[in-house]
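The values are calculated or read from the model by the stated rules, or taken from the named source; none is laboratory data. Note that this is a predicted model, so its numbers are computed, not measured. Every residue, glycine among them, receives a Cβ derived from its backbone with ideal geometry; neighbour counts consider all protein chains shown. Heads up: the accessible areas ignore ligands, DNA and RNA and are worked out on the full protein's heavy atoms, side chains in. Shrake-Rupley method; radii C 1.70, N 1.55, O 1.52, S 1.80 Å.
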Amino acid sequence: QVQLVESGGGLVQAGGSLRLSCTASGRTFSTYAVAWYRRAPGKEREFVAAVSRNGGGTDYADSVKGRFTISRDNAKNTVYLQMNSLNLEDTAIYYCAASGAVGVWTIPTAYGNWGQGTQVTVSS
């Protein structure tokens with residue numbers, strides 16, 4: 001098991017940027033693939049981005065490709081989500097999730113560890 005804490009959310013104007021962080025407890029963080037999901041008001045949870053254990057593999061939702069970048073620093077037990085060119089549709093609670101499975105996964109059932117989420121609000 002690993003405990004995850006998200007940070008870096010906040011209020012930003014459309015076109016702006018934010019960087020989210022997901023920090024994990026424990027010494028085995030490098031054995032977990034990590035993903036970001038989000039849930040917008042009135043909508044289902046959706047996949048945003050994922051990164052493999054060593055950071056060599058990544059995957060993105062079509063809606064964020066070219067704007068968001070996921071990366072990780074295993075020495076700091078942290079995964080980042082750099083979000084650029086934010087728009088109103090990016091407003092959501094963002095969650096990070098960790099999976100002990102090998103590879104990069106987009107389905108939420110692959111992830112057994114979830115953080116509490118951080119709010120991102122994009123204003124016009």
Cα→Cβ-extended label distance, 7 Å offset, between N54 and S30, nm: 1.0
Could you work out the local net charge near V104, counting Lys and Arg as +1, Asp and Glu as -1, over the other residues with Cβ closer than 15 Å to its Cβ? +2
Segment T109-E44, extension gain: residue separation times 0.36 nm, minus the distance between their alpha carbons: 22.0 nm
Protein accessible area in the chain, 1.4 Å probe - carbon and sulfur %: 48
Taking a probe of 1.4 angstrom, what is the accessible area of E44 in Å², to the nearest 10? 150
Paramagnetic label zone (point 7 Å from Cα along Cα-to-C-beta, A14; backbone N under 20 Å) in the stretch 98-124: 120-124
Per residue, accessible area of the chain with a 1.4 Å probe, heavy atoms of protein chains only, in Å², comes to 50
Give me the accessible area of L88, 1.4 Å probe, in Å² rounded to the nearest 10. 90
Taking 7 Å along the Cα-to-C-beta vector as the label spot, tell me the A75-Q3 distance in nanometres, rounded to one decimal. 2.5
Between exposed trypsin sites (Lys or Arg not before Pro) in the chain, where DSSP calls loop and at most 11 other Cβ atoms lie within 10 Å, what's the longest gap? 66-124
Given +1 on the Cβ of Lys and Arg, -1 on the Cβ of Asp and Glu, and no further charges, what dipole in debye does the chain carry about its Cα centre, rounded to the nearest 20? 240
For the charge dipole of the chain, defined by +1 on Lys and Arg C-beta atoms and -1 on Asp and Glu C-beta atoms about the Cα centroid, which residue among N113, G103, N77 has the Cα displaced farthest towards the positive pole? N77
Based on alpha-carbon centroids, what's the gap between the stretch 1-20 and the stretch 38-92 in Å, whole number please? 10
Just add up the charged neighbours of S21: K/R +1, D/E -1, any other residue whose Cβ is under 10 Å from the Cβ of S21. 0
Of I107, I70, I93, which has the most accessible area with a 1.4 Å probe, and how do the rest follow in descending order? I107, I93, I70
Give the share of C-alpha pairs in each 10 angstrom bin for the chain, from 0 to the last occupied bin, in whole percents, shortest bins first. 15, 50, 29, 5, 0
